[in-house]
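None of the figures in this text is laboratory data; all of them are computed from the coordinates on show. Note that the coordinates shown come from a computational prediction; the quantities given were computed from them, not determined experimentally. Cβ atoms come from the backbone with ideal geometry, glycine included; neighbour counts cover every protein chain shown.
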Amino acid sequence: MRSRRIAVPFLAATAVASLVPALAPAATATAAENPLARFEEQKPSWKRCSKDMPATLQCATIKVPLDYSRPGGKTLDLAISRVKTSTKKERRGVLLTNPGGPGGTGVEMPTFLASELPKSVTAKYDLIGFDPRGVGQSSPVSCGLKTSERNWERPYKAATFAKDVKWAKTVAEKCDAKQGDKLRHITTRNTARDMDVIRAVLGEKKISYLGYSYGTYLGAVYTQMFPKRADRFVLDSSVDPDRVWRGMIQVWAEGAEPAFANWTKWTAKRHSEYKLGRTPEAVGKTFWDLVAQADRKPIDDGSGVPMNGDDIRMYMRGMVFNAEWAANTVKDLKKAAEGKKTTPAPRRESTTPERTPAPPAFGSTAAKVKVPSDNQDASFWTVVCGDTRAWPTNPEQYRRDAIKDKKKYPLYGDFASNIKPCAFWKKQGSEPATVIDNKVGALLLQNEWDSQTPLVSGQGLRKHLKGSKMVTVAGGIGHGIYGSKSCADKTATAYLTTGKLPAKDITCKAKPPAEGSRSGTSPLPIPTPRGVPGMVSRF
């Protein structure tokens with residue numbers, strides 16, 4: 001996915017010719033030279049996004065091709081936003097941002113970052129946000145899913161596997177019936193192409209970029225497709241390109257096991273406080289005994305939501321990355337299981353919670369579109385299933401993998417490897433997944449204890465971006481770093497303001513987490529509703 005030439009793949013003569021009738025004779029040559037000229041030369045009509053948002057946040061809607069191989073065909077609306085730097089003298093260019101997903105909306109992100117990033121950074125860049133194609137205000141996709149159909153975290157059980165297969169097939173069929181051929185064009189590669197249209201529309205030769213979570217993969221794909229357009233790229237909490245996409249769900253199970261082992265050691269040292277066991281083995285036994293008991297009779301620890309054993313395993317998968325939070329929760333569960341009164345815990349999310357609210361309307365064509373209630377689910381599966389053709393299509397493969405991985409990764413292995421709608425996806429992307437292999441400069445930031453993109457995932461992306469450097473926050477907890485006052489912030493700020501990468505990869509030490517802090521949460525605008533894939537967040 002690199003270079004200008006690849007930016008418009010497989011352009012046939014008929015695709016170019018289809019543009020000619022709509023163009024004046026003087027523009028015909030331009031269209032022949034650059035079929036995307038009519039998109040790149042748009043002049044956005046910037047307006048205040050909403051009365052509920054700061055006046056500094058401006059929004060507009062531009063058009064992009066649905067199919068980049070046929071730029072004269074159907075188009076999509078793309079919602080973009082900006083907070084301009086107030087210091088024109090120091091301005092370097094634009095910092096495009098993405099909060100993750102797939103399915104995360106980004107038009108409000110510049111407002112958040114304007115208050116969280118150092119002034120030395122906001123003085124140099126106009127902060128640019130956008131809703132990726134198919135998401136939020138950008139021609140949102142929908143599969144018409146019922147609430148029950150949005151619950152995707154399904155533990156493997158022989159008795160329910162047939163129902164899980166039926167669910168996965170139903171989701172895939174509904175998406176195909178609702179969106180049809182549009183699905184195969186909602187891909188990471190095309191979103192990267194949209195980013196380059198945004199660059200051109202803004203009049204920039206290059207873009208700098210700050211991407212979190214799934215946004216790291218999107219940013220890496222952009223560097224592969226448009227290496228000469230990539231300026232200063234910060235990729236925070238990274239997705240491993242080798243594991244797109246089934247492997248990135250499975251890595252949650254892999255990453256949870258060392259975190260669980262670390263938690264048992266931490267908790268055993270504090271037996272006098274938590275009384276869960278004097279040795280790591282005893283702490284582990286206490287936990288698994290609770291799982292077995294909850295399978296016989298669900299446990300309510302005071303939160304009002306009784307939990308069976310599978311619920312506890314699923315919930316613990318995210319908790320163990322913060323030892324204190326996990327220990328307190330298991331302590332409450334143990335007391336409740338013993339019939340003792342507990343202090344009500346913070347209300348747990350239901351399996352399918354309220355979705356992140358759509359961005360406020362901002363007076364454009366796209367803003368008049370009502371965002372479907374299942375948009376995050378639909379856009380997630382559309383990208384995850386459509387980006388790659390590597391998903392198994394035989395349900396029995398998922399059964400075998402779920403059984404095997406439950407033994408190997410008992411906390412979450414069967415959840416991760418059980419069947420997904422991608423097994424039955426009909427409109428896979430028109431292109432294969434991107435091979436990331438380049439020397440474009442980038443800075444990677446990674447917490448040691450990240451529940452969504454574990455350390456091994458960040459290391460995987462580092463391997464593919466040979467011109468990059470990586471800052472690992474030893475002892476760092478949670479998903480998302482830059483802007484959270486981490487020890488990595490100084491390096492990221494220096495890179496964005498000077499363009500200089502560290503001479504070598506760096507490891508810095510995290511501050512101890514604040515008492516009562518929760519794993520997986522972050523002050524950053526990373527999409528975090530449970531159930532659209534991920535226990536606490538998705539990518």
Between S69 and K47, what length in nm is gained on full extension when 0.36 nm per residue of separation is reduced by their alpha carbon distance? 4.8 nm
Which whole-Hz couplings ³J(HN,Hα) result when phi for each residue of region 185-197 is put into the Karplus expression 6.51 cos²θ - 1.76 cosθ + 1.60, θ = phi - 60°, listed in order with x for Gly and Pro? 9, 8, 10, 5, 4, 6, 5, 4, 5, 4, 4, 6, 5
Taking amide H positions as placed 1.01 Å from N in the peptide plane, with prolines and chain starts having none, which residues 5 or more places from S303, or on another chain, fall under 5 Å of its amide H? A345
Dipole magnitude of region 248-337, debye to nearest 20 (Cβ charges: Lys/Arg +1, Asp/Glu -1, about Cα centre): 380
Base-10 log of normalised Debye intensity for region 367-428 (one unit scatterer per alpha-carbon) at q = 0.15, 0.25 Å⁻¹: -0.57, -1.00
At R0 = 35 Å, how high is the FRET efficiency between A292 and D242 if r is their beta carbon distance? Nearest 0.05 is fine. 0.45
Given a Förster distance of 45 angstrom, what is the FRET efficiency for K407 paired with E40, based on the Cβ-Cβ distance and rounded to 0.05? 0.25
By per-residue mean of other Cβ atoms within 10 Å, what is the highest-first order of 167-178, 408-419, 42-53, 101-112? 101-112, 408-419, 167-178, 42-53
Table column - 3J(HN,Hα) (Hz), region 419-427, Karplus curve with 6.51, -1.76, 1.60, x for Gly and Pro: 4, 10, x, 4, 4, 10, 5, 8, 9
What shape does region 146-250 have by the C-alpha gyration tensor, where a ≥ b ≥ c are the square roots of the eigenvalues, rounded means a/c under 1.5, and otherwise prolate means a/b greater than b/c and oblate the rest? prolate
Given the Cα atoms of region 248-337, and with Rh set as the inverse mean 1/r over their pairs in the Kirkwood sense, what is Rg to Rh to two decimals? 0.95
For region 166-298: lysine pairs under 22 Å (alpha-carbon distance), excluding those fewer than 8 apart on one chain: 12
List S486, S237, S120 from most exposed to least, where exposure is judged by having the fewest other Cβ atoms within 10 Å. S120, S486, S237
Can you give the relative contact order of region 29-169 as a percent, counting alpha carbon pairs under 8 Å and 6+ residues apart? 19
Would you kindly derive the ³J(HN,Hα) couplings of region 263-278 from the backbone phi angles with the Karplus curve 6.51 cos²θ - 1.76 cosθ + 1.60 (θ = phi - 60°), listing them in order in whole Hz, with x for Gly and Pro? 5, 5, 5, 4, 6, 4, 5, 10, 4, 4, 8, 9, 6, 10, x, 8
What is the fewest-to-most order of Y217, Y482 by other Cβ atoms lying within 10 Å of their Cβ? Y482, Y217
Rounded to the nearest 0.05, FRET efficiency between K265 and V456 (Cβ-Cβ, R0 25 Å) equals 0.80
For region 248-337, averaging the sequence separation of alpha carbon pairs under 8 Å that lie six or more residues apart and dividing by its residue count, the contact order in percent is 32
Can you give me the convex hull volume of the Cα atoms of region 183-313, divided per residue and expressed in Å³? 193
